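Written out below as structure tokens is the structure these notes cover.
No value in this document is a laboratory result; all are computed from the given coordinates. Keep in mind it's a predicted model, so treat the numbers as computed, not measured. Please note: Cβ atoms are built from the backbone with ideal geometry, for glycine as well, and neighbour counts cover all protein chains shown.
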Amino acid sequence: MNIPLNIDWQQILLHLLNFAILAGGLYLLLFKPVKAFMAKRESYYQNMDNEAKQKLQEAETLKVNYAQQLDGAAQEIAQKKADAQKAIEASRSEQLKMAKDEADRILESARANSEREHDKMLRDAQKEISDLAITAAEKLLLKGEGSPYEQFLNAANAEKRGEPDA
């Protein structure tokens, strides 16, 4: 057979068969496991990314919920504070009214006591004055010097000069 350029087709076919076996073996031994490993790793990181996004979304939702709860709590605190302030104001005004009523009652009682004391002092003073006048008149009458009027004037003049009664 005449083979141009010294090409042996049998050798070429054997080399092609060797190459196919080598490529198949490398595919089965290296490429397929590496590709499976890379796919597994990609899915692992994709799952981690999805979980992180899901957790981030949940965290954002919780953040919004907590912010709303804080706003609600702040409003509730402000409302309770206003209610407590109103209650304190009502209690203060009630106590102020009670204290004013008590002060008015005490003042009225003090005025009544003062009026009674004033009246009693006037009566006592009038009684003392009348007793003194009676005593003075009796003294004058008992001395027997002239008329009672003259005796009174003499006794008054003697007291004015600092002379003792005789």
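Hey, rough spin-label estimate for R92 and K127, points 7 angstrom out along Cα→Cβ, what's it come to in nanometres?
With each label placed 7 Å out from Cα toward Cβ, I get 5.3 nm.
Give me the net charge for the shell around A110: Cβ to Cβ below 12 angstrom, other residues only, Lys and Arg +1, Asp and Glu -1.
Taking every other residue near A110 into account, the sum is -1.
Pop out the Kirkwood hydrodynamic radius of the chain from its pairwise C-alpha distances, inverse of mean 1/r, in Å to one decimal.
30.9 Å
Add +1 for every Lys or Arg and -1 for every Asp or Glu among the other residues with Cβ under 15 Å from the Cβ of T61, and state the total.
+1
For the chain, find the longest principal axis of its Cα atoms and tell me its angle to the long axis of helix 32-143, 0 to 90°, nearest 10.
The answer is roughly 0 degrees.
Return the calculated 222 nm mean residue ellipticity for the chain, to the nearest 500 deg cm²/dmol, obtained by summing -39500 (n - 2.57) across DSSP H runs with n ≥ 4 and dividing by the residue count.
So the calculated ellipticity at 222 nm is -32500 deg cm²/dmol.
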